[in-house]
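Scroll down for the structure; my scribbles are underneath it.
The values are calculated or read from the model by the stated rules, or taken from the named source; none is laboratory data. All of these numbers come straight from a predicted model, not from anything done at the bench. Cβ sites come from the backbone with ideal geometry, for glycine too, and all protein chains shown count toward neighbours. Surface accessibility is based on the protein's heavy atoms, side chains included, excluding ligands, DNA and RNA. Shrake-Rupley method; radii C 1.70, N 1.55, O 1.52, S 1.80 Å.
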Amino acid sequence: MELKDPMFDLLSSLEQIVFKDVPQTVTRSQKSNPFTEFERLRKGTGMKNDDFARAMGVSVAMVQEWESKRVKPSMTELKLMSLIQANPALRKQLTE
């Protein structure tokens, strides 16, 4: 029996709301590289490491681990990153 991550489900629902008007260019059959996805999302936020870590609820060391490709971000973390990247008002609120 596969366990479902409730946070992943919640973030998936939020992602559907945020991106409802954006055409989906990636199909489910395409698998993205978590490290490539992280780099794209991280650069898209324009945030400093400490602000990004605070917004993600992780340590600066964890962000550095992701950037150095020693640790792979989970799908839940990538979903949260995509929501932060897509919403400038949220980024501002999370870093204040």
Taking the stretch 67-96 and keeping residues under 23 Å from Ser12 (Cβ atoms) and among the basic types (Lys, Arg) leaves Lys72, Lys79, Arg91
With the requirement that a residue be over 11 Å from the mean Cα position of the chain (by Cα), among the basic types (Lys, Arg) and open to solvent by less than 50 Å² (accessible area, probe 1.4 Å), what does the stretch 45-91 give you? Arg91
Of the candidates Lys69, Lys43, the one satisfying the condition of being more than 25 Å from Pro6 (Cα to Cα) and outside any helix (DSSP H, G or I) is Lys69
Of the residues in the stretch 47-66, how many are of a type outside the set (A, V, I, L, M, F, W, C) and either closer than 16 Å to Leu14 by Cβ or outside any helix (DSSP H, G or I) (or both)? 3
Could you grab the pairs with beta carbons closer than 7 Å, sequence gap of 6+ or different chains, first residue in the stretch 68-96 and on the phi > 0 side of the Ramachandran plot, second one surrounded by fewer than 17 Cβ atoms within 10 Å (Cβ to Cβ) and not acidic (Asp, Glu)? Lys69/Phe35
Test result for Ser32, at pLDDT below 85, open to solvent by 50 Å² or more (accessible area, probe 1.4 Å) and not in a loop (DSSP other than H, G, I, E, B): no
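With modelled with pLDDT under 85 and of a type outside the set (S, T, N, Q) as the only criterion, which of Lys48, Lys79, Lys20 stands out? Give the derivation first.
Values: Lys48 fails: modelled with pLDDT under 85; Lys79 fails: modelled with pLDDT under 85.
After ruling out the rest, the residue left standing is Lys20.
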